[in-house]
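Here is the structure we will look at, set down as C-alpha cells.
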Amino acid sequence: MEKLLAQKKLGPRWYERFPRGVPVGIFGMTMAVTVLSVFAIERAEDQRQSGQVAQVAQTVASGIERRANANAAYLRSSAALFATQQMVEGPLFRTFIRQLQLDGRFVGSDGIGWAMRVRRGDVATVEAIMRAGGSEDFKVYPQAEGDKAFVVPVMYLEPDSERNRRAIGYDMSSEPVRRAAMKSAERTGQPTATGRVVLQQEGRAAGKSGFLVYMPVFSLSGPADSSRLRGFVFSPFNAQQFLQSSIRSEQLLGSGVRLLDEDGVGRSVLATVAPEVRSGRVVKRPIDISGHRFTIEVTGPASPMLSIMSVMTLLFGLLGATLLLVLARLLTQQAVEDRIALAWFEQQSSIRNSLTRELNHRVKNTLANVLSIISLTRRRATSLGEFADSLEGRIRALSATHDLLTQSDWGTTPVALVIRAELAPYAQDTNRHLDIEGPDVELAPNDALSLGLAIHELATNAAKYGALSVEDGRVTVHWAMAGEDVARIEWVERGGPAISPTLQRKRGFGTELIEKIVAHELRHPVELKFEPEGVRCVLMIPVRRRGNFAIREGR
C-alpha cells in the first residue's frame, strides 16, 4: 500500500482545482450549443414563414390578376359587339350583358356599363331619347363647364339595381382621374383602369374606395381619328369587394392583405383584409390591372416567440445541461474526495510508522524502568517475600498509570487523576486523611508515568511508616502552576509517627527511586525531606505543549 501511495501523484488535477467552475463551464457550453441550435431553428422558421408570406402574396396577386383579366375579356367582347352597331340601345345592351353573365356574377365588379361619347350640343337630344326609351329621370350631370366639346355620361349599367341607378347620367369625363384613364384607353385601344376613386354608386364623396376599367368602342367606318370613338364599355369596382372576391380566406393562412394605389400623389389604401394578429413581416407585390399599377401588401400572421421545435430543443438542452452539470459536479467531487482519501491513507501510514516507533520507544523505557525497579528492589530486599511484595506494588503503580494513559489514548492526563489513582487504595475508609486539591493541569504520558511512580512510593512509605499508618495522620497533596510550563506538586504528611534522625539518614529504595529515576525522567530535581513532623516532597513537573509529544496534531 505504501508503494502504491508513493507512486500515486497526490497533486490536484486541473479539474480538481475548480470543483465548481468545471461543472458550471460544462453547463454554460451545453446551454450555448442549445441556444445556437434554437437560433438556427428560429432562423429557419423565420425563413419558412417569410416564404409562406411570399407565397400568400403571390397567390393573392395571381387571384386578383385573374379576376381583372376575366373582366377585361368581357369588356373586349362587349366592345367588339357594340362596335358593329350603329347605336347601342337599351334592350340590346341588357340582353347581351345578361347572356354574358349567366351565373349572375360580375367577377368582382359592380357590373358592366355603357358610357356614350356625346357632343355637348347633343346632350338635350340624348336626354330626350333616353327618357322616351323608359329612363324617365335620365339627366346628364354635372353640367359641362367651359369650352368642353364632349361629355361621356353613363347610359346603362347592369345589373339594374338601386345602387347602380345612382350612376346613370353621370358624366365621367367631369372627374380628372376617370378622364385620364379614358384618354389612355382611347390612345391604346386596350382596357385601362383608373386610380383610386369613389364610385358614383356610393352616393357620397367620402364613400368606400374603388376604381373603374374602361374599354373604348370605336366605329368600324370613318376616318382614323378620335371622331371614331363612340364611347366606353366599363366596369366599376368596389375595391373591398373586389379584393375579397379575388381570394379565399383559407389561402391567407392568417395573413392580412392591403390593396394599394401608388401614383405620383402618394400611396392610397383601396382595400384591407386585416391579419389575425399583426407580426410585422410584410411582403409587397406589384400587380397590373388593365394597364394600371397597383401594389399588394401582405402582412404575415403573428407567430409565437419560440416555435414548438425551439421550445423542445431548449427544454431538452436545459435538461441535458443540468444532468451534465450534476454529473460533472459528482465526478469532480469524487476526484477531490479520492485525493483526500489518498492523503488520509498516506497520513495513516505515516502515523502507523510513528506509532510503531513510539511503541518501541515506550516499551523500551518501561522495560528499563522495570529493570531498574527490579534491580533496586532486589538490592534492598531482605527476603523473597519482601522482594515480591515491593516489586508487585511498584509494577501495579506503573499499570495504574498505564491504564489512565490508555484511556486518554496516550494523550494528556490530568494530574488529579494520576494522584487519585495511586491513592485510591488508601481513600476507601480513610477519606478524611487525604486532602487533594489543585487546578486542571494536563501532563504528557512519560511525565504522568513518573508522577504516578513517585506518588506510589510516597503513599507506600506513608502507609508503612507515615501519616497513613495511624488514625490521626493526614496527607495533603496540593499543586499549582509555578510558571508557564512548570507545575509544582507538594506532598506533605502530618499527624503520623515522629521521624527519628536515624530514619532520616537511612535512604531506602523509594528515596533513590524518587530522587534519581523520577528526577531524571522529569528533568527537574526532587526536593524530598524527612522532617520530624512527617515527609515533605516537592516535585517540579514540566507541562509541555501537545505538539512536543503527540503523534498526531489535532487529535
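No lab work stands behind these numbers, since they all come straight from the coordinates. Just so you know, these numbers come straight off a predicted model, no measurement behind them. Virtual Cβ from ideal backbone geometry, glycine too; neighbours counted across all protein chains shown.
Which FRET efficiency value, to the nearest 0.05, do you get for Ala40 and Ala73 by plugging their Cβ-Cβ distance into 1/(1 + (r/R0)^6) with R0 = 56 Å?
After rounding to 0.05, the efficiency reads 0.70.
At 0.36 nm per residue, and after removing the present C-alpha to C-alpha distance, how many nm does the segment from Asp435 to Ser50 gain when stretched out fully?
Residue separation times 0.36 nm, minus the Cα-Cα distance, leaves 128.2 nm.
Mark the label point 7 Å from the Cα of Val24 along Cα→Cβ and return the residues of region 316-345 whose backbone N is within less than 18 Å of it.
Answer for region 316-345: 321-333.
Count the net charge of all other residues whose Cβ sits under 9 Å from the Cβ of Ala144, scoring Lys and Arg as +1 and Asp and Glu as -1.
Local charge sum for Ala144: 0.
Convert each backbone phi in region 132-142 into a coupling constant with the Karplus relation 6.51 cos²θ - 1.76 cosθ + 1.60 (shift: θ = phi - 60°), then list the ³J(HN,Hα) values in order as whole Hz, x for Gly and Pro.
Whole-Hz 3J(HN,Hα) from phi for region 132-142: 5, x, x, 8, 4, 9, 5, 7, 7, 8, x.
Would you mind ranking Ser268, Ser450, Ser290, Ser173 so that the residue whose beta carbon has the fewest other beta carbons within 10 Å leads the list?
So the ranking, lowest neighbour count to highest, is Ser268, Ser173, Ser290, Ser450.
Treating only the Cβ atoms of Lys and Arg (+1) and Asp and Glu (-1) as charged, compute the dipole magnitude of region 80-155 about its Cα centre; round to the nearest 20 debye. Kindly include the intermediate steps, with their values, before the conclusion.
Details: 9 positive and 9 negative charges, 28 e Å.
So the magnitude is around 140 debye.
Multiply the residue gap between His524 and Ser349 by 0.36 nm, knock off their C-alpha separation, and tell me the result in nm, one decimal place. Can you show the working numbers first?
Working: separation 175, 0.36 × 175 = 63.00 nm, distance 3.58 nm.
Taking His524 through Ser349 to full extension adds about 59.4 nm, to one decimal.
What nm value, rounded to one decimal, do you get for the distance between Thr188 and Ala124 when each label is placed 7 Å out toward the C-beta?
4.0
What distance in nm lies between label points placed 7 Å from Cα along the C-beta direction at Leu342 and Leu319?
3.7
Once you put a point 7 Å from the Cα of Glu175 and another 7 Å from the Cα of Met305, both along the Cβ direction, what distance in nm separates them?
Inter-label distance under the simple model: 5.0 nm.
If neighbour count is taken as other Cβ atoms inside 10 Å, put Glu422, Glu533, Glu162 in order from fewest to most.
Lowest to highest Cβ neighbour count: Glu162, Glu533, Glu422.
Under the rule of at least 5 residues apart or a separate chain, name every residue whose amide H is placed under 5 Å from the amide H of Arg281.
Under 5 Å from the amide H of Arg281 lie the amide H atoms of Gly300, each far enough along the sequence or on another chain.
Report ³J(HN,Hα) in whole Hz for each residue of region 331-345, in order, from the Karplus equation J = 6.51 cos²θ - 1.76 cosθ + 1.60 where θ = phi - 60°; Gly and Pro get x.
5, 5, 5, 5, 5, 5, 5, 4, 5, 5, 5, 4, 5, 5, 4
Tabulate in residue order the Karplus-calculated ³J(HN,Hα) for region 320-328, using 6.51 cos²θ - 1.76 cosθ + 1.60 with θ = phi - 60°, rounded to whole Hz; enter x for Gly and Pro.
Once rounded to whole Hz, the list reads x, 5, 5, 4, 5, 4, 5, 4, 5.
Counting pairs of alpha carbon atoms under 8 Å apart in space and at least six apart in sequence, what relative contact order in percent does region 61-172 give?
Relative contact order for region 61-172 comes out at 26 percent.
Order of 19-27, 148-156 by packing, highest average Cβ count within 10 Å first?
Sorting 19-27, 148-156 by mean packing, highest first, produces 148-156, 19-27.
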